[in-house]
Amino acid sequence: MKDTVYFSEDGMRISSLLERSRVFAGQAPELFVLGKYYEANRQLLPDSIYKINGSTEPAVMAGMDIAMILGDERNFKITTAADLERFQEIVQKGGCMI
């Protein structure tokens, strides 16, 4: 993680700093053992599944052993209009995502 990372209790003020060397950003796609991952998600039904923030969260909550591999900043998820614009600029410039 190259950004400075903060923790906030209330979302308005910084409560503490997080150690950058121990904080990691997740990237898609993820890979899981299907049966174990299915069961981890099934255990969250019917209501808790809607509180999940990312694909890895059910696996972590179920105690699955999750290994991390090095990612790439060029691998980004298109979630916002700004993400889409960034992608369109890369394509228009003839850039390659790989």
For the condition aliphatic (A, V, I, L, M) and in contact (Cβ under 8 Å) with a residue 12 or more places away in the chain, what is the one hit in Ala67, Ala25? Ala25
Given the condition in contact with a Gly (Cβ under 7 Å, 6 or more places away or on another chain) and assigned to a loop (DSSP other than H, G, I, E, B), answer yes or no: does some residue in the stretch 73-94 qualify? no
Which condition number in (1) in a loop (DSSP other than H, G, I, E, B); (2) at pLDDT 90 or above; (3) more than 15 Å from the chain's Cα centre (by Cα) is the one that Asn41 fails? (1)
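Scan the stretch 34-50 for residues that are of a type outside the set (A, V, I, L, M, F, W, C) and surrounded by 10 or more Cβ atoms within 10 Å (Cβ to Cβ) and jot them down.
Filtering the stretch 34-50 down to residues of a type outside the set (A, V, I, L, M, F, W, C) leaves 35-39, 41-43, 46-48, 50.
The answer is Lys36, Tyr37, Tyr38, Glu39, Asn41, Arg42, Gln43, Ser48.
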Please verify whether Ser21 is surrounded by 12 or more Cβ atoms within 10 Å (Cβ to Cβ) and out of contact with any His (no Cβ under 9 Å at 6 or more places or on another chain), treating the condition exactly as stated. no
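The values are calculated or read from the model by the stated rules, or taken from the named source; none is laboratory data. Note that the structure is predicted; figures quoted are calculated from it, not measured. Cβ atoms come from the backbone with ideal geometry, glycine included; neighbour counts cover every protein chain shown.
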